1. For label points placed 7 Å from Cα toward Cβ, what is the shortest-first list of nm distances from A:G219 to its copies?
2. From the label point of A:F180, set 7 Å from Cα along Cα→Cβ, how far away are the matching label points in the other copies, in nm, ordered shortest to longest?
3. If packing is taken as the average number of other Cβ atoms within 10 Å across a peptide's residues, how do A:134-142, A:182-190, A:219-227, A:156-164 rank, most packed first?
4. Over the whole of B:196-209, what's the average partner chain Cβ count within 10 Å per residue? Rounded to a whole number, please.
5. What does the copy distance list look like for B:I65, label position 7 Å along Cα→Cβ, in nm and ordered from shortest?
6. From other protein chains only, count the Cβ atoms within 10 Å of every residue's Cβ in A:58-66, then give the mean.
7. For the stretch B:159-198 and the stretch B:34-67, what is the separation of their Cα centres, given in Å?
8. What lysines could a cross-link reach from B:K8, if we take a straight Cα to Cα line under 16 Å and drop same-chain neighbours fewer than 8 places away?
2 protein chains.
Amino acid sequence: MTPNEKPKAVLLLSGGLDSITTLVLALEQGFDCHALSFDYGQRHNAELNAARRIAAKYRLAEHKIISLAPDTFGGSALTDESIAIPDQPSDGIPATYVPARNTVFLAYALGWAEVLEARDIFIGVNAVDYSGYPDCRPEYVHAFQAMANLATKSALEGRKIRINTPLIHLSKAEIVRTGFDLGVDYSMTVSCYAADAEGRACRICDACRLRAEGFLSAGLEDPTRYR
Amino acid sequence: MTPNEKPKAVLLLSGGLDSITTLVLALEQGFDCHALSFDYGQRHNAELNAARRIAAKYRLAEHKIISLAPDTFGGSALTDESIAIPDQPSDGIPATYVPARNTVFLAYALGWAEVLEARDIFIGVNAVDYSGYPDCRPEYVHAFQAMANLATKSALEGRKIRINTPLIHLSKAEIVRTGFDLGVDYSMTVSCYAADAEGRACRICDACRLRAEGFLSAGLEDPTRYR
């Protein structure tokens, strides 16, 4: 099969542990992946640099980084300096929740998929990483897919869109083990909500905590560099 | 009722005939309207200037213009100079269709609504203006609303989102008559897909044709200036 014969997919690539694992799974399935990242004023720009390195390493067909207007998202600890990043697990929806983030990301992915004539969109949401985010739940993803299949010319012409979430029912430990088996180098990724410019992690935020627990349960060493 | 007591709404304001009519209907219903426009490289920038004039005239609480990356949307005659704007009504979906446009617009509106703690989003889609666009149909709007109510923290907390489409079942003539009765000055609006910098219309594109027919059926004079 030549590269041109592979089916195209649009893949949301944040630069974190979940998105690289989703990528290797999509590549394993034979997709020609077109990666999409967003610069939305997230505090941890190290994440975008990680996305760039990952796209280069896997020689993806394309990596598009879309800059969103600075005030696109408000009201989140991830984008608003005046809201502290929590250092304790929260009950309910955490302060790092970003209003409508996955909806905006998937909307862009949908538009790009239509231009590429791709049927498949990959997003690395999962039940553990969910940690209270409404837009990481299976029922949300199903509803987005149903909407997408009424939204586009492609869908009306019979080219249905699939929102692929290969991690959605995996624990963090299972995700890490899956990636290790497929040769993922997790030192390339940045998960921390408050990483410094070099991508060194804080050890205390929700994302650091979930990641460390995942590696621990998987019995694998986390290559994360801490400050 | 003081202005502060009015319920907030996010309203998509393109600067065209439908969006100004949607705006006056939302204002009539007592909403405090926060207008949202997009600069997405549409050929007819006159439309955005119209949106600015409309927001100023109605003294809206806020008017946000979001610049989308130049290559956000591809494959449409509205954004791609290499695709001609059709001068004949088309069967099926016309070349002026922009992939996933309303999905991206509504996704941003959803995020802003959540930040504002608004429950209502207004969009001026309608069955006539639909002219083959999949994302102007009632079933699409319903599916977006269902998705939105799974996507957000507000919805999980019981603040359901409503996507209001007051024009969806009106003919162009009914829209124009509704607006006239509410004192809308349609000379402020630009509908033409190929308007020049001064907002003068081409007379031949789908949008010009639909608009002219609407005024004719309504027995009203169209204040559109032609080139």
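1. Label-point distances to the other copies, shortest first: 8.5 nm.
2. 7.4
3. Final packing ranking: A:134-142, A:182-190, A:156-164, A:219-227.
4. Across the residues of B:196-209, the mean count of other-chain Cβ atoms within 10 Å is 0.
5. Listed shortest first, these distances are 2.7 nm.
6. 1
7. So the separation of the two Cα centres works out to 14 Å.
8. Once the sequence-local lysines are set aside, what remains near B:K8 is B:K64, B:K160.
Here, each number is a calculation from the coordinates, and none is a lab measurement. Since the model is a prediction, treat every value here as computed from it, not as a measurement. For neighbour counting, all protein chains shown are included, and Cβ atoms are generated from backbone atoms with ideal geometry for every residue, glycine included.
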